[in-house]
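Only one structure is covered here, and it is reproduced in the block below.
The values are calculated or read from the model by the stated rules, or taken from the named source; none is laboratory data. A quick note: this is a predicted structure, and the numbers were derived from the prediction, not measured. With ideal geometry, Cβ positions are generated from the backbone for all residues, glycine too; neighbour counts draw on all protein chains shown. We work out accessible area using only protein heavy atoms, side chains counted, and drop any ligands, DNA or RNA first. Shrake-Rupley method; radii C 1.70, N 1.55, O 1.52, S 1.80 Å.
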Amino acid sequence: QSVPQGFFWVKTLARTERGEAHACEHLLLGKGAKGRAVAALEEMTLSTSSAWTGQLSTAYHFHTLAGEEGFLRNLEARLDALLHPDFSDEEIRREVAHVAVAEDPVTGRLTLEEKGTVFTEMMSSAEGPSYPLWTGIAELLYGPGHVQANNAGGLPEAMRTLTPAALRAFHAECYHPAGMGL
């Protein structure tokens, strides 16, 4: 409790199951020049951070051992990266879902492989034993297609259709001061 700390939340309703909110969580504070600058600043100011995507919001938190000055530098850099990101379309595709050529190390044969940090994370989640239970409960409670029944993390099959333009539109809709809290 004695170290400076910050907590942001952004209203990110899951209007689709393409995982826009989850993709933003991964991209905003780690990709593009601004995101990489946040990561570098975190190391320089002995900071720790984390983020998660919930059904109705995405949360980001951090703390620093670098005192008030380090905290304020972190706060400014994070707000700038959250509100004015500069990641590329290619960074979006690579973080969300894309197809890449892979070589079998034994046979040398080339194959196509689906990749993407968010895609891989959600594939792993979807294979878990409790996944159908939680998905089914949300649909029973709210009805199919309701923002609280949609998978905020994203469904792998839907993520394949998430374009950089759609993600940027989602960001513009959600990431503004009136849709955030600190």
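Things worth noting here:
- Failed item, numbered, when L141 is tested on (1) of a type in the set (A, V, I, L, M, F, W, C); (2) surrounded by fewer than 16 Cβ atoms within 10 Å (Cβ to Cβ); (3) in contact with a strand residue (DSSP E or B) (Cβ under 7 Å, 6 or more places away or on another chain): (3)
- Just so you know, in the stretch 71-82 the residues that are out of contact with any Phe, Trp or Tyr (no Cβ under 8 Å at 6 or more places or on another chain) and crowded, with 20+ Cβ neighbours inside 10 Å include one that is farthest from T16 (Cα to Cα), and it is F71.
- Selection from the stretch 47-61 of residues that are farther than 18 Å from G154 by Cβ and open to solvent by 40 Å² or more (accessible area, probe 1.4 Å): T48, S49, S50, H61
- Contacts under 9 angstrom Cβ, first residue in the stretch 8-35 being under 18 Å from G181 (Cα atoms), partner open to solvent by 50 Å² or more (accessible area, probe 1.4 Å) and aromatic (F, W, Y), 6 or more apart: E25/W52
- Among the residues of the stretch 6-16, just one is closer than 22 Å to H98 by Cα and buried (at least 22 other Cβ atoms within 10 Å of the Cβ), namely A14.
- Taken over the stretch 89-103, residues that are exposed (fewer than 14 other Cβ atoms within 10 Å of the Cβ), touching a residue at least 12 places away in the same chain (Cβ under 8 Å) and under 22 Å from the mean Cα position of the chain (by Cα) amount to 3.
- Evaluation of T107 against (1) out of contact with any Lys or Arg (no Cβ under 8 Å at 6 or more places or on another chain); (2) surrounded by 10 or more Cβ atoms within 10 Å (Cβ to Cβ); (3) of a type in the set (V, I, T) (one fails), failing number: (2)
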